[in-house]
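Input: a single structure, listed below in structure tokens.
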Amino acid sequence: MIAVGLMSGTSLDGVDAALVRIHPRGARYAIEVVRFATHAFDDDLYAALLRALPPNRGSLAEAAQLHRRLGEVFGRAARAVLGGDTADYVASHGQTVFHDGDRGITLQLGDAFAIREAVCASVCYDFRSADCAAGGHGAPLVPYVDALLFRSDSEDRVALNIGGIANVTVLPKRSEEIVAFDTGPGNMLVDALVRARTHRNQRFDRDGALAARGRVDERILAAMLDNPYFALQPPKSTGRERFGEQFLAEHRALEHLSTEDAAATLTELTAITASRAIAAHAPSGSRVIVSGGGANNPALLARLGARLSGARVERSDTMGISPDAKEAVAFAVLGYETLRGRSANVPRATGARKPVALGSIAPYELNALLARVEAEC
């Protein structure tokens, strides 16, 4: 099956598009990433998203306009990564614009029918709502795919994705048990700091260069670690509503630090909260497989390695999956499960009452597609 997976995360980097060959192999899948590209949001769309997202309060009109615009951008990204090839289906996560896991409320924008028009293929979308309807947070969903791709019978593993928010999936060897949850901020706070300090001329700390030159302010770090989210037990999820720009405003002492020291302190916050989560829930010495934009930050990886002594901390490309492509690939797999009608949430991770099938379908020659799925499985 040829699929396009589309993902736009809380870092607002743009649309990640992965062209993937998926082959069912018993309960699992063999995955081949044919092509991958990230299509950055232009400055106008990026600014419009920031205006609409928490802590700002966008209007319904702005949300409707963004839904359409994002659908068109996602559609162009899908068409570009296809490069003239034909997809059996597209799976789009969309762009999260609101998430309150405790109340089971989540919203992703990006018109699936605009994507369908761009590529002439069925589109699987709205993956989170079914889990919310079953009493879950609607997040994290990628742990299901982490288990399919990374579980091992010979070693304990942890999949750590560091996007705007960081999330972890604990995969003990020879066990079907999965522990997964959002550990807290990933790149989101450092990104917000860099935007503010550079008057939006830069969107992130490239290669962790600022953090590498700075010194951690332990007093401010301790104050940030007092946030009650870090003491909650899983299942739990979070987002920009808690760790957006307003979090920086709550810790105004950061304003008195240099950009380098503030970046180092915020990077340490990500490293310490992720490492504490892993130490609390994963077997000692687990192999930690890092994906997401944070995998491209040597300063952050170094801090994780220092705090996880005895663990192997490495990028997911050592497992054959690009760190940047991993979540787009994951939603391509979740789309296949939608087409098969198989449950793909992990209730222990999301808090849902039961396993449920995820996703809606914008159909294009759907009967023929489902026949191909049945034949392939």
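In segment 143-319, if the dipole is taken from +1 on Lys/Arg beta carbons and -1 on Asp/Glu beta carbons about the Cα centre, which of LEU257, ALA277, PHE243 is farthest to the positive end?
LEU257
Please state the charge dipole magnitude for segment 143-319, taken about the Cα centre, from unit charges on C-beta atoms (+1 on K and R, -1 on D and E), reported in debye and rounded to the nearest 20.
180
What's the magnitude of the charge dipole for the chain around its Cα centre, counting Lys and Arg as +1 and Asp and Glu as -1 at the beta-carbon? Answer in Debye, nearest 20.
With only Lys, Arg, Asp and Glu charged at Cβ, the dipole is about 480 debye.
Identify which of the listed values of semi-axes √(5λ) of the Cα gyration tensor in Å was calculated from the structure shown: (i) 28, 24, 19; (ii) 44, 24, 22; (iii) 32, 24, 19.
(iii)
Can you tell me how much longer the chain between CYS120 and ALA249 gets when fully stretched, taken as 0.36 nm per residue apart minus their C-alpha distance, in nm with one decimal? Intermediate results must be reported in sequence, preceding the final value.
Values: separation 129, 0.36 × 129 = 46.44 nm, distance 4.54 nm.
Fully extending the segment from CYS120 to ALA249 adds 41.9 nm.
Taking R0 as 41 Å, what's the FRET efficiency between ARG219 and SER175 from their Cβ-Cβ distance, rounded to 0.05?
With a Förster radius of 41 Å, E is 0.50.
Go ahead and run the numbers for FRET between ASP43 and SER284, Cβ-Cβ distance against an R0 of 41 Å, rounding to 0.05.
Given R0 = 41 Å and the Cβ-Cβ separation, E is 0.35.
Under 5 Å between amide hydrogens, which residues at least 5 positions from GLY239 or on another chain qualify, with H placed 1.01 Å from N in the peptide plane?
none
By a straight-distance test (C-alpha under 23 Å), which lysines pair with LYS173 as possible cross-link partners, with residues fewer than eight away in the same chain excluded?
Qualifying lysines at Cα under 23 Å: LYS326.
Please list, ordered by chain and number, the residues whose modelled amide H lies under 5 Å from the amide H of GLY94; skip anything fewer than 5 residues away on the same chain.
SER8
I need the phi-derived Karplus couplings for segment 124-134: 6.51 cos²θ - 1.76 cosθ + 1.60, θ = phi - 60°, integer Hz, Gly and Pro marked x.
In residue order, the calculated couplings are 8, 7, 6, 6, 8, 5, 5, 5, 4, 5, 8 Hz.
Placing +1 at every Lys and Arg Cβ and -1 at every Asp and Glu Cβ, with all other atoms neutral, what dipole size does segment 68-202 have around its Cα centre, in debye to the nearest 20?
In total the dipole reaches around 600 debye.
³J(HN,Hα) across segment 156-165 via Karplus (A = 6.51, B = -1.76, C = 1.60, θ = phi - 60°), whole Hz, x for Gly/Pro?
Running phi through 6.51 cos²θ - 1.76 cosθ + 1.60 with θ = phi - 60° gives 6, 10, 9, 9, 10, 9, 10, x, x, 10 Hz.
For the chain, what are the DSSP H helices with axial Cα length of 20 Å or more and mean Kyte-Doolittle hydropathy of at least -1.0?
On the way: long enough: 60-82 (33 Å, 0.20); 259-281 (33 Å, 0.37); 326-340 (21 Å, 0.43).
Passing helices, by number: 60-82, 259-281, 326-340.
Which residues in segment 114-156 have a backbone N closer than 16 Å to a point placed 7 Å from the Cα of ARG342 along the Cα-to-Cβ line?
Inside the label zone: 142-151.
Each value in this text was obtained by applying a stated rule to the coordinates, not by laboratory testing. These numbers were taken from a predicted model, which means no experiment stands behind them. Every residue, glycine as well, gets a Cβ built from its backbone with ideal geometry; the counts of neighbours run over all protein chains shown.
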